Structures are given as C-alpha cells and as structure tokens.
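Beneath this line is the structure, given in structure tokens, with notes to follow.
The values are calculated or read from the model by the stated rules, or taken from the named source; none is laboratory data. Since this is a predicted model, take the numbers as computed values, not measurements. Cβ sites come from the backbone with ideal geometry, for glycine too, and all protein chains shown count toward neighbours. Calculation scope for accessible area: heavy atoms of the full protein, side chains included, ligands and nucleic acids excluded. Shrake-Rupley method; radii C 1.70, N 1.55, O 1.52, S 1.80 Å.
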Amino acid sequence: MSSQAKQRISMRAVLLSIGVLIANIAVNGLIFMFFRDSTLNPLITAVLAVLWGVLGVYLIYYTLTWAVEQYPDDIGKRVLPFIFIGPAVILLGWLLVLPALRTLYLSFFNASSEKFVGLSNYAAIFSDHLMATALRNNLLWVFVGTLACVAMGLLIAILADRSSYEKIAKSIIFMPMAISFVAAGVIWKFIYYYQPGDEQIGLLNAIVTFFGGEPQAWTSMIQPWNNFFLIIILIWMQTGFAMVIFSAAIKGVPEDILEAARVDGSNEVKIFFRIIIPYISTTILTVTTTIIVFTLKIFDVVMVMTGGQYDTEVVATQFYRQFFMYRNFGYGSTLAIVLLIAVLPVIIINLRQFRKQGGF
C-alpha cells in the first residue's frame, strides 16, 4: 500500500475516532441528564442506572476498539492499549489529580479563599498546639500500630503454618478485615464503654470489676496513653491482612533450603531469622509501607471512638474539623496537603517495590 493511501486511511480513521468519541460523550451526557431530571420511581431509576453503567462501559470500549481497528495495523497496535487505560487515566485525573491541585491552590488563601496569604497556613500548622498533638498521635499510630501489625502478623503466619488448625486459625484472625473501620469503632466502643457505678456494660470494665478493680474511662481519662487503646483496634483489624500476605510468602520459601539448614544443625529460630526473614524481606517491606499509609490516613476509628477529643486528635480529624465544621478552607486544605506529602514517599517506595517484583 502506498504512503498516500496509508495517509488517507489514517486521516479517515482519525476523523472516525473523533466522531465516535463525540458520539459517546453526547449519548452518555444525554442519558445522564435524563436520569438527573427524571421523575421515575427511585427503584426503577436505580435499576436503569445500573444497566446504563454496565452497557454504557461496554459500548464505549466496543465503539472505541472498532474505531482503532480502522487504522493501519502498525498504528492500531500502538493506539489500542491507550483505549483500555485511557478512560481509567482520565477518571483518575479528574477525581484525584485535579482535586489535589485545587486543594494545593486553596492552601495559599485565607479561610474564605478570598485573600492570598502565601505560606502563612503552613507556618501556622507547626505553631498550633492542636496540630502538634495531632502529629504526635499520628507518629504513635505509624510506629506502634505498624510495628505491632507486622510483628503479630508474621508471628501468627509462622505459627499457623505449622499448625493442623491452620485454616480455622487464619479465618478467625482474618475475620475483622471483613468489616469497616467505622463498624470496628462501634464494636470497640462497647468494649471500652465506661459508666459511673458498679454496673458496667463495657466488656473490659466488666472484667476489671469482676476481679475487684476500678472501672476506667479507657479512651478519655488516661492521656496520652488512651491513644494506645485506639491503636489496638487497628492492630485487631490489620493483623489479619499482614498474616495472609506473610503466610503466602512463607509458603514460597523453597523447602529444600529449609531442610538443608536443618540437616546442618540449625534450629527453627536460626532458620526463621537467617533464611525466612531475608527471603520474604520484600514482602515485609510491602506490608509495612501499606499499613503505614493506613495509619497516616487514620480517621474513622478516632472519629467514632472519641471524635478527636481527649488528646486523640490526628491530622485527618483536624482536617475534617477545619474544612467541614469551621469552614476554614485555607487551613483545612493545608492540612490535606501536609497529609498528602507524608503519604507520597511511602507510596513511591511501594511502587518501586512492585516494580522490582515485576508488578508493572
């Protein structure tokens, strides 16, 4: 085929692609406006919306793939991958990148977002007593919560791997992962519940009074140690996650290496520290960084248990108060950016680890 013919086909394909794209946007836009202004029964609207979501995505990919097939083979092969990742990238950019840039922009303005104040909000963060408390608490969550989750998850994975009740034990430990942080907060609120008098409905205080002790308001009176009672909830939930990942990694350790070490006279402790730990070190790093991200963003548990009172404030609860309750958009946006900056290095480490493991 001559170069001129290829150019004509390419030009025709480009016009078709633009036409298909415009048609998709127009059709889905009209359907969206129909649902927005619809007076149909809510249940019928919900069913139709679900059908539109499923069929709409299928038609978008089908029509775009058809448009790509109109290109010459060498060009089509290059363009086709972008058809599949393009919508996801656009959606992520719209829902994540643009809001992040807008938040960064708002962080340089005052509470009403009308007056430019430069870096004043950032300076105020590090001179605010409440913010200092929030940062201290976040560090407690990061170090204590992460260390405990990783250590207990690894210990349980090793012990369960040598137990005849492995499946039952892992199922029980992993079960808290099936519920949300909010639900976990409600459950543990009843465990820590305190009321004046001898009758206690909170499980922990009921046990304490049964053995002759004095009931305590565990999440409010013992400051700043009350944060540890909240961190226990994270440990209860995330240990199962760490255990499952570590268990899969441990099963990947070659059995012949372990047997060779045993033949050479190594005991199980030496095998654990000198063979298993180095072999699964990349998995340990991945699990650690993932849990660190959870702890840096922790919000639900603190909000449900204490509402950020009694010196349990964290950065995320401070952001919520400043932005949504006090309507201080400048300071609230600054807190969000600080949290983003804290999380970014951990995410970068995780992504590099995934790349080394061939994840992408």
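Observations, loosely collected:
- Every residue from the range 146-168 that is modelled with pLDDT of 85 or more and either among the β-branched types (Val, Ile, Thr) or open to solvent by 40 Å² or more (accessible area, probe 1.4 Å) (or both): 146, 147, 150, 151, 152, 155, 156, 158, 159, 167, 168
- Taking the range 112-148 as the range and being in contact (Cβ under 8 Å) with a residue 60 or more places away in the chain and over 30 Å from residue 227 (Cα atoms) as the test, the residues that pass are 112, 113, 117.
Rundown of residues vs (1) in contact (Cβ under 8 Å) with a residue 40 or more places away in the chain; (2) in contact with a Pro (Cβ under 8 Å, 6 or more places away or on another chain); (3) open to solvent by 30 Å² or more (accessible area, probe 1.4 Å); (4) not hydroxyl-bearing (Ser, Thr, Tyr), yes/no style:
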{"site": "315", "(1), (2), (3), (4)": "yes, no, no, yes"}
{"site": "321", "(1), (2), (3), (4)": "no, no, yes, yes"}
{"site": "329", "(1), (2), (3), (4)": "yes, no, yes, yes"}
{"site": "335", "(1), (2), (3), (4)": "yes, no, no, yes"}
{"site": "343", "(1), (2), (3), (4)": "yes, no, no, yes"}
{"site": "348", "(1), (2), (3), (4)": "no, no, yes, yes"}
{"site": "351", "(1), (2), (3), (4)": "no, no, yes, yes"}
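- Hits in the range 129-147 - residues which are among the aromatic types (Phe, Trp, Tyr) and over 12 Å from residue 296 (Cβ atoms): none
- Residue that is least open to solvent (accessible area, probe 1.4 Å) [pool: residues in the range 114-138 that are of a type in the set (Ser, Thr, Tyr) and at pLDDT 85 or above]: 133
- Of the residues making up the range 205-219, at least one is under 17 Å from residue 145 (Cα atoms) and either in contact (Cβ under 8 Å) with a residue 60 or more places away in the chain or among the hydroxyl-bearing types (Ser, Thr, Tyr) (or both).
- Answer residue from the range 262-286, given it is assigned to a helix (DSSP H, G or I) and charged (D, E, K, R) and is most open to solvent (accessible area, probe 1.4 Å) among those: 274
- Where residue 308 falls short, out of the listed (1) crowded, with 19+ Cβ neighbours inside 10 Å; (2) at negative phi: (2)
- Search result, residues across the range 51-69 that are hydroxyl-bearing (Ser, Thr, Tyr) and open to solvent by 80 Å² or more (accessible area, probe 1.4 Å): 58, 62
- Within the set 208, 253, the sole residue that is more than 22 Å from residue 313 (Cβ to Cβ), outside any helix (DSSP H, G or I) and over 28 Å from the mean Cα position of the chain (by Cα) turns out to be 253.
- Only one of the listed residues (143, 174, 181) is surrounded by 13 or more Cβ atoms within 10 Å (Cβ to Cβ), over 15 Å from residue 240 (Cβ atoms) and of a type in the set (Phe, Trp, Tyr). That residue is 143.
- When 58, 105 are screened for being more than 30 Å from residue 245 (Cβ to Cβ) and at pLDDT 90 or above, only 105 passes.
- Of all residues in the range 222-242 being without any contact (Cβ under 8 Å) to a residue 60 or more places away in the chain and either farther than 27 Å from residue 291 by Cβ or open to solvent by 60 Å² or more (accessible area, probe 1.4 Å) (or both), the one that is farthest from the chain's Cα centre (by Cα): 225
- When restricted to residues that are in contact (Cβ under 8 Å) with a residue 24 or more places away in the chain and either closer than 19 Å to residue 308 by Cβ or among the charged types (D, E, K, R) (or both), the range 174-201 contains 10.
For every residue, the table says whether it meets (1) open to solvent by less than 100 Å² (accessible area, probe 1.4 Å); (2) under 26 Å from the mean Cα position of the chain (by Cα); (3) closer than 30 Å to residue 122 by Cβ.
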| residue | (1), (2), (3) |
| --- | --- |
| 13 | yes, no, no |
| 22 | no, no, no |
| 28 | yes, no, no |
| 71 | yes, no, no |
| 89 | yes, yes, no |
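- Some residue of the range 243-260 being under 19 Å from residue 163 (Cα atoms), polar (S, T, N, Q), touching a residue at least 60 places away in the same chain (Cβ under 8 Å) and buried (at least 17 other Cβ atoms within 10 Å of the Cβ): yes
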